[in-house]
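As structure tokens, the structure follows; a few thoughts come after it.
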2 protein chains.
Amino acid sequence: MRLAELSARSGLSIATIKYYLRVGLVPPGTMQSSTWASYYDSHLRRLRLVRALTDVAGLSLEEVRRVVDAVDASGSDHQARGAAQWPLSPALAREPSAASVERVEELLSRHSWELATNSPHRRTLAAALDTLEVLDFVATDEVLDAYAQALEAVAEIEVARVAAEAEPIVAAERLVVGTLLYEPVLLTLRRMAHEAVSARP
Amino acid sequence: MRLAELSARSGLSIATIKYYLRVGLVPPGTMQSSTWASYYDSHLRRLRLVRALTDVAGLSLEEVRRVVDAVDASGSDHQARGAAQWPLSPALAREPSAASVERVEELLSRHSWELATNSPHRRTLAAALDTLEVLDFVATDEVLDAYAQALEAVAEIEVARVAAEAEPIVAAERLVVGTLLYEPVLLTLRRMAHEAVSARP
């Protein structure tokens, strides 16, 4: 398809698409002459990914680039797919305490979750546990285990759904975007559950 | 206790506390003379609540005020406790579609969740479903039901924990702050679960 059609189908202006092409967030099209290039469904998908990451997840273009690079790197590797989400982990203001890092390892071990040694989620969770402790809201193992068990059940459904995608790169894209897009749903359902459970006699 | 001790124990400067007193986020102390007032544990708790809402949850002072007012209003009423979280629901850019509103009602009905008719979470969830549909990530009932079931199990533990608090106002405070503070834990555990499940052979 030509640039105009890509713009119409992605909902992004031609100027925006040209900008994304220039900074490399979207791979170049195939030059058909010196004046125009053709684009494919893969370009459309990539534009939708960038749009979801900026508009819905509120990521900066620098953060989007890291996610996109991770998706590309993980493309054909089933195990690396989880790593595509690493760039979503926030930068930490300070190093987590050794005690919280240890609690995270014990949690992973209790649930037989095998994460890469350098997965940033370990430190993110440990830092969150530190914050809770400072604010006198210590997370007990009982609560953490309940969360972990509940979320594993959900993750199994979500991962199975994207695994049905024929192309590995599409699966990686959908897992990353799905993780972000479903966060508001998850948080709202949690508040609903609190209200419903609180209202019971 | 005097203002200086309140400052030391809350970790907030005297100037900040005076500002919160002036705008009414914290109730006044008991005047002991024309120059000093005494403060109680309830003041300390309220300051910690305001601090958690601003620093950790990133709320504006206007949003903090709405949460604090809701906590005060819900104080002694078990059923109204869930309503203390209503101010956390974001303002919507547009009205949700009738179809999504209907899907939310069906979901509530399937799980026997009795929410107040005017609970803002209904519209928040419906709007989130609309966004997912526009971006071609339609949330199936299977996924929504898995989330709802998982989160109900967690909410039961969380509500039972705060219900053990002797004072209803403390329970309301802890439920609201706990909801906010545990959101990063929940989202990080979800990403961990995705990585762990993706890595399985």
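Assorted remarks:
- Shielding of A:153-164 by partner chains, average beta-carbon count, 10 Å: 5
- For the A-to-B rotation axis, chain A residue with nearest beta carbon and its distance in angstrom: A:Ala150, 2
- Helix A:41-51 and the longest principal axis of the C-alpha atoms of chain A enclose an angle of approximately 50°.
- Heavy-atom accessible surface of the protein assembly as shown: percent carbon and sulfur, 1.4 Å: 53
- Within 10 Å of the Cβ of each residue in A:171-178, the mean number of Cβ atoms contributed by other protein chains is 2.
- Shortest-first distances to equivalent copies, position A:Thr54, nm, label 7 Å out along Cβ: 3.4
- The contact between chain A and chain B removes approximately 7200 Å² from the accessible area (both sides summed; 1.4 Å probe; ligands, DNA and RNA excluded).
- Euclidean distance of C-alpha centroids, segment B:1-72 and segment A:103-163, integer Å: 33
- Long-range HN-HN contacts of B:Ser89 with modeled amide H, under 5 Å: none
- The angle between the Cα long axis of helix B:121-134 and the longest principal axis of the Cα atoms of chain B comes to about 40 degrees, rounded to the nearest 10.
- Residue with peak Gaussian network fluctuation, chain A [Cα springs, cutoff 10 Å], from A:Val162, A:Val71, A:Val176: A:Val162
- Mean ellipticity per residue at 222 nm, deg cm²/dmol - from DSSP H runs of n ≥ 4 across the protein assembly as shown, formula -39500 (n - 2.57): -19500 deg cm²/dmol
- In the protein assembly as shown, the ratio of gyration radius to Kirkwood radius, Rg to Rh, stands at 1.01 when only Cα atoms are counted.
- Taken along the Cα-to-beta-carbon direction at a fixed 7 Å, the label points for A:Thr117 and B:Thr35 span 6.5 nm.
- Basic side chains Lys and Arg get +1 at the Cβ, acidic Asp and Glu get -1 at the Cβ, and with that the dipole of segment A:49-172 about its Cα centre reaches some 340 debye.
- Segment A:44-149, relative contact order [Cα under 8 Å, separation at least 6], %: 20
- Size of chain A as Cα extents on the principal axes (Å, biggest first): 66, 42, 32
- Sequence-separation-based contact order of chain B, relative, with Cα cut under 8 Å and 6+ spacing, percent: 18
- Pairwise FRET efficiency - B:Glu105 versus B:Glu133, Cβ, R0 = 22 Å, nearest 0.05: 0.85
- Phi angles across segment B:14-22 convert, under the Karplus curve 6.51 cos²θ - 1.76 cosθ + 1.60 with θ = phi - 60°, into 3J(HN,Hα) values of 4, 4, 5, 4, 4, 5, 4, 5, 5 Hz, Gly and Pro given as x.
- For segment A:47-139: span of alpha carbons on each principal axis (Å, largest first): 43, 28, 18
- Each copy carries a label point for B:Thr140 at 7 Å from Cα toward Cβ; from one copy, the others' points are 3.6 nm away, ordered from shortest.
- Put simply, when A:21-27, A:177-183, A:125-131 are sorted by average Cβ atoms within 10 angstrom per residue, most first, you get A:125-131, A:177-183, A:21-27.
- A Gaussian network model of chain A, with springs between Cα atoms under 10 Å, assigns the largest mean-square fluctuation among A:Val104, A:Val56, A:Val143 to A:Val143.
- Taking the label point 7 Å along Cα→Cβ, B:Ala73 and its counterparts in the other copies are spaced 4.9 nm apart, in ascending order.
- The mean number of partner chain beta-carbon atoms within 10 angstrom of a residue's beta-carbon across peptide B:135-145 is 4.
The values are calculated or read from the model by the stated rules, or taken from the named source; none is laboratory data. No experiment lies behind these values; they were computed from the predicted model shown. We place every Cβ from the backbone using ideal geometry, glycine too, and count neighbours over all the protein chains shown. Surface areas here come from the heavy atoms of the whole protein model, side chains and all, with no ligands, DNA or RNA. Shrake-Rupley method; radii C 1.70, N 1.55, O 1.52, S 1.80 Å.
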